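Novice: My structure is below; once you've seen it, I'll send some questions.
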Amino acid sequence: MLRRKTIGAAIAATLIAAAVAACDVPIVYSHYEHTPLTGWERNDTLLFCIPPVKEPGRFNQQVGLRIVDSYPFTSISLIVEQRVFPGYRSRRDTIRCQLVDDNGFFDGPGVDLHQSTFPLGYIDLKRGDSLCIKVRHVMKREMLPGISDVGITLTATQ
């Protein structure tokens, strides 16, 4: 009986330690903007304004997409424009996000809503720098159905 309690306590301590370690991800910013499932218009630009960073450093950037089964394509192309304030440094990237694998299955987890993340690269910011990021799609179709949310996540590198 005492041995079971000891093993149970050890398992509980391990789970608590794992949960605490998982919460130690240095996320500086993570936000999603909703888009209408009926269609994200090509000229509908999503804006993400990241407040001034408290500590300087190198930050990893990711674009997140949440899509439903009605999304008609296997990938999406996005234009991502960034501007750092002050200093007005700017950068513009076009990224292609593969959403469906070769077998026709969505890459991201989920049953009705699939979430995927794609690397946007690293950015160096000084203390007090803020960042504005604009995202829009550049698909041939004017109205792009099936995209639920688009997000930006910024994490500090260690």
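Novice: HN-Hα J couplings of the range 44-58 from phi, Karplus 6.51/-1.76/1.60, θ = phi - 60°, integer Hz, Gly and Pro as x?
Specialist: Per residue, the Karplus-derived 3J(HN,Hα) values read 8, 8, 8, 10, 10, 10, 8, x, x, 7, 7, 10, x, x, 9 Hz.
Novice: Are there trypsin sites (Lys or Arg not before Pro) in the range 108-158 that DSSP puts in a loop and that have at most 16 other Cβ atoms within 10 Å, and which ones?
Specialist: 126, 127, 140, 141
Novice: Continuing with this model, one more query. Sequence neighbours fewer than 8 away in the same chain don't count; with that in mind, list the aspartates and glutamates whose C-alpha is under 17 Å from residue 134.
Specialist: Within the straight-line limit of under 17 Å, residue 134 reaches these aspartates and glutamates: 33, 41, 44, 81, 93, 149.
Novice: Restrict the search to the range 77-158; then list the chymotrypsin sites (Phe, Trp or Tyr not before Pro) that DSSP places in a loop and that have at most 11 other Cβ atoms within 10 Å of their Cβ.
Specialist: 88, 105
Novice: Continuing with the same structure: Using 0.36 nm per residue, how much length does the chain from residue 113 to residue 83 gain when fully extended, once their Cα-Cα distance is taken away?
Specialist: That pair, residue 113 and residue 83, stretches by 7.7 nm at full extension.
Novice: A follow-up question, please. Compute the distribution of all C-alpha to C-alpha distances in the range 45-114, in bins of 10 Å from 0, and list the percent of pairs in each, rounded to whole numbers.
Specialist: Here the calculated profile for the range 45-114 is 14, 40, 26, 17, 3.
Novice: Okay, next question. For residue 54, give me every one of the aspartates and glutamates with a C-alpha distance below 14 angstrom, ignoring sequence neighbours fewer than eight places off in its own chain.
Specialist: Qualifying aspartates and glutamates at Cα under 14 Å: 124, 129.
We did not get these values from a lab; they are worked out from the coordinates using the rules stated. As the structure is a computational prediction, the values presented were derived from the model and not from experiment. So basically every Cβ, Gly included, is an ideal-geometry build from the backbone, and we count neighbours across all protein chains shown.
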